[in-house]
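First comes the structure, then the notes that go with it.
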Amino acid sequence: MVVGSIVIVPVIVIGLILAFLEMIFVHQDEAGMGWLKHGLHAIPTMFVFLFISMNVSLVENWLGIANNLWIVISIRVAIGLIAVIKMKAAAAVAGRVGENWPHVLIIGALVIAAPFAWESIACTLPFVKTLPMNGCPLGK
């Protein structure tokens, strides 16, 4: 990814995929308990987590941190952990059972892995490279 460029396309694509998966998990774990309202609440927060995870270079610039692979991984892991905590806490605050641990850990891991998967898989497709704000490294 070009430092300073904003990545939008993978945030939308992966955000919709993970939001749909989150809705499935919420339905399984909270069926009959207002799962749709909780699931719909998860969609915008998924986009926020993925935007931050996909745009780590912007976070590094804002914090004045040098670009380093370990810092990128650390920021993405922190975002994944925050996503897990948010998902577990959202239902707890509402007084409901909430999602089970395997489901929230899967979503957290996918938030962490999404940028790497996008660069490794989607960026190999020629039409993806032609999209603006595609998040693909220039050398690929």
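See the values below:
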quantity: Distance between modelled label sites at ILE43 and LEU16, nm, 7 Å Cα→Cβ extension; calculated: 1.1 nm
quantity: Label-point separation, ILE121 to LEU81 (7 Å along Cα→Cβ), nm; calculated: 2.6 nm
quantity: Gaussian network model of the chain, Cα within-10 Å springs - most flexible of VAL56, VAL128, VAL104; calculated: VAL128
quantity: Relative contact order (percent, whole number), the chain, Cα cutoff 8 Å, 6+ residue spacing; calculated: 35 percent
quantity: Per-residue Cβ neighbour rank within 10 angstrom, fewest leading, CYS123, CYS136; calculated: CYS123, CYS136
quantity: Residues HIS103, HIS41, sorted so that the one with the fewest Cβ neighbours within 10 Å comes first; calculated: HIS41, HIS103
quantity: Among MET23, MET54, MET87, residue whose mean-square fluctuation peaks in a GNM of the chain (springs only between Cα atoms under 10 Å); calculated: MET23
quantity: Label-point separation in nm, HIS27 to ALA109, each point 7 Å along Cα→Cβ; calculated: 2.3 nm
quantity: Axial C-alpha extent at least 18 Å, average Kyte-Doolittle at least -0.5 - helices from the chain (DSSP); calculated: 9-30, 35-54, 69-94, 101-120
quantity: Value of Rg to Rh for the stretch 9-129 (Rh from inverse mean 1/r over Cα pairs, i.e. Kirkwood); calculated: 1.01
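All of the numbers you see were taken from the coordinates with simple rules; none came from a lab. Because the structure is predicted, anything quoted here is derived from the model rather than measured. Using ideal geometry, Cβ is built from the backbone for each residue, glycine included, and neighbour counts are taken over all protein chains shown.
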